[in-house]
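Asker: One structure follows; several queries about it will come next.
The values are calculated or read from the model by the stated rules, or taken from the named source; none is laboratory data. In this text, all values refer to a predicted model and were calculated from it rather than measured experimentally. FYI the Cβ positions are ideal-geometry reconstructions off the backbone, even for glycines, and counts take in every protein chain you see. Each accessible area value is taken on the protein alone, full model and side chains, heavy atoms only, with ligands, DNA and RNA left out. Shrake-Rupley method; radii C 1.70, N 1.55, O 1.52, S 1.80 Å.
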Amino acid sequence: QLQLVESGGGLVQPGGSLRLSCAASGFTLDGYAIGWFRQAPGKEREGVSCISRSGGATNYADSVKGRFTISRDNAKNTVYLQMNSLKPEDTGVYYCAADHSPGISSCLRGYLEVWGQGTLVTVSS
């Protein structure tokens, strides 16, 4: 069984930071590209960031460039999303997803194979 589990969400004030983790079980992440996505209440899901299988390539939504950093530790079977300078509009449920595609050019479109359950991030004063 292929499973992804997100953790690290919570309540943070504007300007603060959080680090999200995405841990895999049932498969090894080194064979998969990973994407982070988020969905605010009443809004469509949007792609946030993706990272290639080796970690050598990344991409980001324009709204988070310069503030968020995606990384992976294949030895720990975990992918991270470091979120800095958080804004209220960053609020939402954050999901990670995996796909065995060798590239990430279309990753942010969201057509990935395995999805986690999500972790809630709330940015509010």
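Asker: What whole-number volume per residue, in cubic angstrom, does the convex hull of the C-alpha atoms of the chain give? Intermediate results must be reported in sequence, preceding the final value.
Answerer: Values: hull volume 11.4 nm³, N = 125.
For the chain, the hull spanned by Cα atoms encloses 91 Å³ per residue.
Asker: How are the C-alpha pair distances of segment 17-83 spread across 10 Å bins, as whole percents from the shortest bin up?
Answerer: 21, 52, 25, 3
Asker: Write down the accessible area per residue of the chain in Å², having rolled a 1.4 Å probe over the full set of protein chains.
Answerer: Working: 6250 Å² over 125 residues.
Solvent-accessible surface per residue comes out at 50 Å².
Asker: Among the DSSP beta bridges whose two residues both lie in the chain, what percent are antiparallel, rounded to the nearest 5?
Answerer: On the way: 37 of 40 bridges.
Given both bridge residues lie in the chain, the antiparallel proportion sits at roughly 90 percent.
Asker: Please report the carbon-and-sulfur percent of the accessible area for the chain; probe 1.4 Å, protein heavy atoms only, DNA, RNA and ligands left out.
Answerer: Values: 2930 of 6250 Å².
With neighbouring chains kept in place, the figure for the chain is 47 percent.
Asker: For K65, go through the aspartates and glutamates and keep the ones whose alpha-carbon is under 15 Å away, minus same-chain ones fewer than eight residues off.
Answerer: Filter leaves E46, E89, D90.
Asker: Further, regarding this structure: Return the ratio Rg/(2.2 N^0.38 Å) for segment 66-125, where Rg is computed over Cα atoms only. Before the final figure, lay out each step's value.
Answerer: Values: Rg = 13.1 Å, N = 60, 2.2 N^0.38 = 10.4 Å.
Taking the Cα Rg and dividing by 2.2 N^0.38 Å, one obtains 1.26.
Asker: Could I ask something else about it? For an R0 of 30 angstrom, estimate the FRET efficiency from the Cβ-Cβ distance between E46 and Q13 and round to the nearest 0.05.
Answerer: Values: r = 23 Å, r/R0 = 0.75.
E(calc), rounded to 0.05, equals 0.85.
Asker: At a 10 angstrom cut-off on C-beta neighbours, averaged per residue, how do the peptides 67-73, 96-102 rank from highest to lowest?
Answerer: Numbers: 67-73: 17.4, 96-102: 19.4.
Ranking, from highest mean packing down: 96-102, 67-73.
Asker: K43: which lysines have alpha carbons under 19 Å from its alpha carbon, excluding same-chain residues fewer than 8 sequence positions away?
Answerer: Result set, ordered by chain and number: K87.
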